[in-house]
Amino acid sequence: MLSAGSPRPAGGLRVVILYEDFATGLRARRVGGILAEELGAPGRFEPALWRWDVLQDPRLRRRAVGEVARADLLILSVHRRLPVVPTGALLDAWLAAKARRSSHLVALVDGTGARGSVAACLWELAWRRGLDCLVQRIEDPEQGSVGLVWLS
């Protein structure tokens, strides 16, 4: 079930997923589970889930910013573009926390969005902050071509 905010599983990674709609949320959960295992957090995968549109509410946005700042893995999942309003504050929180500990950001973007503004924005962010950035296209059997952008 997609819901706003979940506790950190004992011994697991703290994962936060920001998604656009049901389809992008499901995709992020599927990929997040795989990544959590690869990053050494086997077991139950219970991310904090935030749909972009609920972040228009200032109280919910503050709560999400706090969760993003504590995330070991932040996953952004959209069709084409990152929403402008909450994205800046959320990325600032992630970057500020990243200065104190290791964390990763992954963006999942439908088709051409991976070659467009989302990838360009995150690539520039990585370059300005001296972060590693990987941009790759993957084939999702359910949703077709998906762009993956990884910052660490």
Hits in region 1-39 - residues which are at pLDDT 75 or above, closer than 20 Å to residue 101 by Cβ and not hydrophobic (A, V, I, L, M, F, W, C): 14, 32, 38
Leading residue by the ranking (modelled with the highest pLDDT) among those in region 73-106 that are touching a helix residue (DSSP H, G or I) at 6+ places or on another chain (Cβ under 6 Å) and of a type in the set (Gly, Ala, Ser): 77
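The values are calculated or read from the model by the stated rules, or taken from the named source; none is laboratory data. Not measured: the values here are computed from a predicted model. Cβ: placed from backbone, ideal geometry, glycine included. Neighbour counts: every protein chain shown.
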